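Student: Here it is, the structure in full.
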Amino acid sequence: MHRALLQSVADKGSRLREVRKDLLRQQPGQTQRWFQGPDGCDLFLWYDERKGLSQIQLTVERRVVEWTLVEGLRTGRLVAFNPLRPLNDQGKLEFDPRPDGDALELARVLLESARADELTIMLVRKQLGLLRKSA
């Protein structure tokens, strides 16, 4: 992977900021957190009041890394809006057949430079399998 791309992703990670909770859609029994960065860089966390963390979705460089209680870890691509089919194609995620190493590396670099609260970022890194092993 290009050093310039990794540096750009690290910069985006350092610029993640949490969106105020009162601006998010509220559902009974669930809590959502959203960390927003530049250029479509986002980290979403969904919590269930009984099960705890139930979903993570991180988007960066038109890639997505997602974990859910049901599906586990998966990666994919953000597919752009198609102006020729405005009513049918509103943008979507297309998941890879198996987790993609490059997408996971982008997520690792972004999360290592994130300045959000350390406990949350460590939880996300752990759940996505992105903690570095100690020697």
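The values are calculated or read from the model by the stated rules, or taken from the named source; none is laboratory data. No experiment lies behind these values; they were computed from the predicted model shown. Positions of Cβ are backbone-derived with ideal geometry, glycine not excepted, and every protein chain shown enters the neighbour counts. Heads up: the accessible areas ignore ligands, DNA and RNA and are worked out on the full protein's heavy atoms, side chains in. Shrake-Rupley method; radii C 1.70, N 1.55, O 1.52, S 1.80 Å.
Student: Short version: ³J(HN,Hα) in whole Hz for each residue of region 44-54, in order, from phi by Karplus 6.51 cos²θ - 1.76 cosθ + 1.60 (θ = phi - 60°), x for Gly and Pro, what are they?
Tutor: Whole-Hz 3J(HN,Hα) from phi for region 44-54: 10, 10, 10, 10, 9, 4, 9, 9, x, 4, 10.
Student: Continuing with the same structure: Give the calculated FRET efficiency between Gln27 and Val70 to the nearest 0.05, with a Förster radius of 25 Å applied to their Cβ-Cβ distance.
Tutor: That pair, Gln27 with Val70, gives E of 0.90.
Student: Highest first, please rank the peptides 67-79, 14-26 by the mean number of other Cβ atoms sitting within 10 Å of their residues.
Tutor: Per-residue mean Cβ counts within 10 Å order the peptides as 67-79, 14-26.
Student: Limiting things to C-alpha atoms, what are the Rg and the maximum Cα-Cα separation (Dmax) for the chain, in angstroms?
Tutor: Answer for the chain, Rg first and Dmax second: 15.2, 53 Å.
Student: Follow-up. Counting heavy atoms of the protein chains only and a 1.4 Å probe, report the per residue accessible area for the chain as a whole number of Å².
Tutor: Value returned for the chain: 65 Å² of accessible area per residue.
Student: When the accessible area of the chain is computed with all protein chains present and a 1.4 Å probe, what percentage of it is carbon and sulfur?
Tutor: The C+S portion of the solvent-accessible surface of the chain is 49 percent.
Student: Now a separate question. Using 1/(1 + (r/R0)^6) with R0 = 25 angstrom and r between the beta carbons of Glu49 and Lys126, what's the FRET efficiency to the nearest 0.05?
Tutor: With a Förster radius of 25 Å, E is 0.75.
Student: Please give the calculated 222 nm ellipticity per residue for the chain, where each DSSP H segment of at least 4 residues contributes -39500 (n - 2.57) and the sum is spread over every residue; nearest 500 deg cm²/dmol?
Tutor: Per the formula, -8000 deg cm²/dmol.
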